[in-house]
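Presented below is the structure to which this report refers.
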């Protein structure tokens, strides 16, 4: 029954947008289902590390999506994929804990990933990084973060945002292989310090939430 309620409309919209092929390799369906289930129509959703727009399928479930993608090629594809959706704004930016320029390591193969943890090897792009708290745009009710090891920096740059009671849900992909020992535990404790409860949605995705009714997550 849940499949029909939550995933079928999403898959249909993804098919219309031409991005349904993206779900399987990235394994994002359970994250999209969680956000879709708890979203409210007027919510502002920040997609941090948007890549080419997999989460644009939530456009009909929320009031506005603000997508951040620093890598130029992905950003162009993101802009193309979402051009028909009037409630999505795309920014060619990374989020972090300072306003500055950084080197983004660019994946050179189809299966690679881009990361701001540049090790001095391989291809890179110089990208703009901004603190989430510094942006003069609608503040989020829901945030999804997928930033390839830069999770703590993103969170530290949005302390005021996370403190806001209207910010109800944060879903993060935690990249254990890229983070130093102890970082995942720090991430969870950091979110808890802002009043978030924690639920693991899989081995590497954690959902932090507040203002969700007791027992609703078990439905």
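When you scan the range 125-146, do you find a residue that is farther than 28 Å from residue 40 by Cβ, surrounded by fewer than 18 Cβ atoms within 10 Å (Cβ to Cβ) and in contact (Cβ under 8 Å) with a residue 60 or more places away in the chain, even just one?
No - not one qualifying residue is present in the range 125-146.
Restricting attention to the range 158-168, and to residues there that are surrounded by fewer than 23 Cβ atoms within 10 Å (Cβ to Cβ) and assigned to a loop (DSSP other than H, G, I, E, B), which single residue is nearest to the chain's Cα centre (by Cα)?
Once the filter is applied, the top-ranked residue is 168.
Does residue 149 satisfy being touching a strand residue (DSSP E or B) at 6+ places or on another chain (Cβ under 7 Å), surrounded by 18 or more Cβ atoms within 10 Å (Cβ to Cβ), at pLDDT 95 or above and within 23 Å of residue 130 (Cα to Cα)? Walk me through how you get there before you give the answer.
Working: touching a strand residue (DSSP E or B) at 6+ places or on another chain (Cβ under 7 Å): yes; surrounded by 18 or more Cβ atoms within 10 Å (Cβ to Cβ): yes; at pLDDT 95 or above: no; within 23 Å of residue 130 (Cα to Cα): yes.
The answer is no for residue 149.
Taking into account only those residues within the range 83-124 that are under 30 Å from residue 60 (Cα atoms), more than 16 Å from the chain's Cα centre (by Cα) and touching a residue at least 24 places away in the same chain (Cβ under 8 Å), which is surrounded by the fewest Cβ atoms within 10 Å (Cβ to Cβ)?
Among those residues, the one meeting the criterion is 84.
Of the conditions (1) surrounded by 17 or more Cβ atoms within 10 Å (Cβ to Cβ); (2) more than 22 Å from residue 186 (Cβ to Cβ); (3) out of contact with any strand residue (DSSP E or B) (no Cβ under 8 Å at 6 or more places or on another chain), residue 66 satisfies every one except a single condition; which number is it?
(3) is the only condition that residue 66 fails.
Which of the residues that make up the range 169-188 are out of contact with any helix residue (DSSP H, G or I) (no Cβ under 8 Å at 6 or more places or on another chain), exposed (fewer than 14 other Cβ atoms within 10 Å of the Cβ) and either modelled with pLDDT of 95 or more or in a loop (DSSP other than H, G, I, E, B) (or both)?
177, 180, 181, 182
The values are calculated or read from the model by the stated rules, or taken from the named source; none is laboratory data. The structure presented is a predicted model; accordingly, all values stated were derived computationally and were not measured. FYI the Cβ positions are ideal-geometry reconstructions off the backbone, even for glycines, and counts take in every protein chain you see.
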